[in-house]
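K.L.:
Can you read through this structure? Questions will come right after.
All of the numbers you see were taken from the coordinates with simple rules; none came from a lab. What you see is a predicted model, and the numbers here were worked out from it, not measured in a lab. Don't worry about glycine lacking a Cβ; one is built from the backbone with ideal geometry, like all the others, and counts go over all protein chains shown.
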Ligand SMILES: NC(=O)c1ccc[n+]([C@@H]2O[C@H](COP(=O)([O-])OP(=O)(O)OC[C@H]3O[C@@H](n4cnc5c(N)ncnc54)[C@H](OP(=O)(O)O)[C@@H]3O)[C@@H](O)[C@H]2O)c1
């Protein structure tokens, strides 16, 4: 929900959006298509302009043609969609220049002010650029006065992860950015939080009565959160080799999911209360040590009939790199609800599956009177699948119909695709709408970021200073074999 510092957008007031790094992949494939959907569905103000800014010398026509390639309509006929995309593209402009030129930014500022001063336009700045450019771009914006707004108009900035590479670099980034944009104006995106199934986590937990009494150490044996990809680093070697899977996926996406699974019920839905609860639960997680983590790196393997090269042969990867492409970590939450329940989080590239899911495994039924009717009775498990095939399933033990008492595992299954007629919005559509509506509950607050870095920074430093070599696993396999042993140590069978 919006708060007093972040009023929702007034559709009568003009809006100018500047996308820095507009020539890049993210802008083309996610940001512009999401803004188009918002436009097509009537969420943008009547008067708006989107200014792409980057160094590449593209003409307006070239830029618009690139943007047009990725636009999609979800609920319009082809003819309506063509008309809508023509109208949208007419509001998209492109300016090129260096990222540190005050003069070029002043040009951008003059373009953004094209609607006149009564009322002055609201402004959104989207930093779709590599992280080393965040500060130079913010400083140049400030020198050109781009973020300054008169009374009655606001400006907001959207930042893409990674937010630093450890606690101190993240703090330095936050502190420096604060000279230009206040915390209230800052929207740090973790696009996983915009995914439909992840947004549903709070609804599932707090809008249903049945979960609360069992959502604790008495009934839950462990929680595992997995993120797996069956592709390698896909040409992002330069970036990935600096960051690795822990910083790229675990410290942000998986930890955010864990916080939503484990946090207490917020007293309301506004950003402050939701984020307060996330910070509280993350602050109860002790920093990881060597004993809690295992890292791996994919090697050459055969997957789907083709030889796939190992990580060290990928372009942009340093010779002998020890950057992990796989990691599994066992986290603990030292609070009354969760003490003793392991939260296993794992993320890997070059594996044998593509999926993101949360598994909540319940304890065995004590003194089960049906124990002699089956060789093994599986404990209940709630599975929340984020992708592919979004859905929620719950495994129960059931009597197999017949004259004798035979038990089997059965599944109560809610598949989004068959259960809901509406198509699922992309995470960026939802998050960009929240930016306009002034709702920061799905964005990472500075203290949340600090708490997340505190969990991972010591072990990241240890792994790096000791140059720990990750265990190899063949591309297309299930990951390093020792991951199974680490899980077993915590009573988890993988
Ligand atoms: N792609 C994703 O799905 C994704 C997901 C999460 C986070 N992110 C983050 O979002 C940001 C943008 O992603 P992206 O995939 O669009 O990145 P990108 O294509 O590498 O970079 C975006 C633009 O930044 C400029 N740029 C790139 N490298 C530069 C350099 N060394 N010096 C100066 N300018 C440079 C380029 O524009 P010009 O050369 O025209 O100036 C490029 O088109 C990155 O920080 C990334 O980490 C991306």
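K.L.:
Among 381, 61, what is the fewest-to-most ranking by other Cβ atoms within 10 Å?
P.N.:
Going from sparsest to densest Cβ surroundings: 61, 381.
K.L.:
Over the chain, what is the relative contact order in whole percent, taking alpha-carbon pairs under 8 Å and six or more residues apart?
P.N.:
Contact order relative to length: 18 percent.
K.L.:
Grab the eigenvalues of the alpha-carbon gyration tensor for the chain, scale each by 5, take roots, and send me the semi-axes largest first in whole angstrom.
P.N.:
41, 27, 23
K.L.:
Normalising by the residue count of region 15-160, find the relative contact order in percent from Cα pairs under 8 Å and 6+ residues apart.
P.N.:
Relative contact order of region 15-160: 31 percent.
K.L.:
Report the gain in length on full extension from residue 415 to residue 339: 0.36 nm times residue separation, minus Cα-Cα distance, nm rounded to one decimal.
P.N.:
Length gained between residue 415 and residue 339: 24.1 nm.
K.L.:
Find how much the distance from residue 270 to residue 399 grows on full extension, using 0.36 nm per residue of separation minus their present alpha carbon separation; answer in nm with one decimal.
P.N.:
Gain on extension, residue 270 to residue 399, equals 42.0 nm.
K.L.:
What do you get for the angle between helix 446-465 and the principal long axis of the chain? Use alpha-carbon atoms, 0 to 90 degrees, nearest ten.
P.N.:
70 degrees
K.L.:
Tell me what the chain gives for mean residue ellipticity at 222 nm when only DSSP H runs of n ≥ 4 count, each as -39,500 (n - 2.57), the sum divided by the residue total, rounded to 500 deg cm²/dmol. It would help to have the intermediate numbers written out before the result.
P.N.:
Values: 14 runs with 149 residues, N = 494.
About -9000 deg cm²/dmol.
K.L.:
I need 202, 141 ordered by Cβ neighbour count within 10 Å, fewest first.
P.N.:
202, 141
K.L.:
In addition: If I take R0 = 30 Å and measure r between the Cβ atoms of residue 139 and residue 61 in this structure, what FRET efficiency does the formula 1/(1 + (r/R0)^6) give, to the nearest 0.05?
P.N.:
Computed FRET efficiency for residue 139 and residue 61: 0.40.
K.L.:
Please compute the modelled spin-label separation between residue 236 and residue 76, points set 7 Å along Cα→Cβ, answer in nm with one decimal.
P.N.:
3.0 nm
K.L.:
Relative contact order for region 261-403: what percent, with Cα pairs under 8 Å and sequence separation of 6 or more?
P.N.:
RCO, region 261-403: 15 percent.
K.L.:
Would you list 394, 36, 370, 132 from fewest to most Cβ contacts within 10 Å?
P.N.:
132, 370, 394, 36
K.L.:
Relative to the longest principal axis of the C-alpha atoms of the chain, give the angle of the C-alpha long axis of helix 271-283, reported between 0 and 90° and rounded to the nearest 10°.
P.N.:
Tilt relative to the chain: about 50 degrees.
K.L.:
Sticking with this one: Roughly how many whole Å is it from the C-alpha centroid of region 31-89 to that of region 348-366?
P.N.:
What the calculation gives is 38 Å, centre to centre.
K.L.:
Given just the C-alpha atoms of region 277-366, how large is their convex hull per residue in cubic angstrom?
P.N.:
It comes to 172 Å³ per residue, whole-number rounded.
K.L.:
Over the Cα atoms, compute the radius of gyration (one decimal) and Dmax (the largest Cα-Cα distance, rounded to a whole number) for region 15-160, in Å.
P.N.:
14.9, 45
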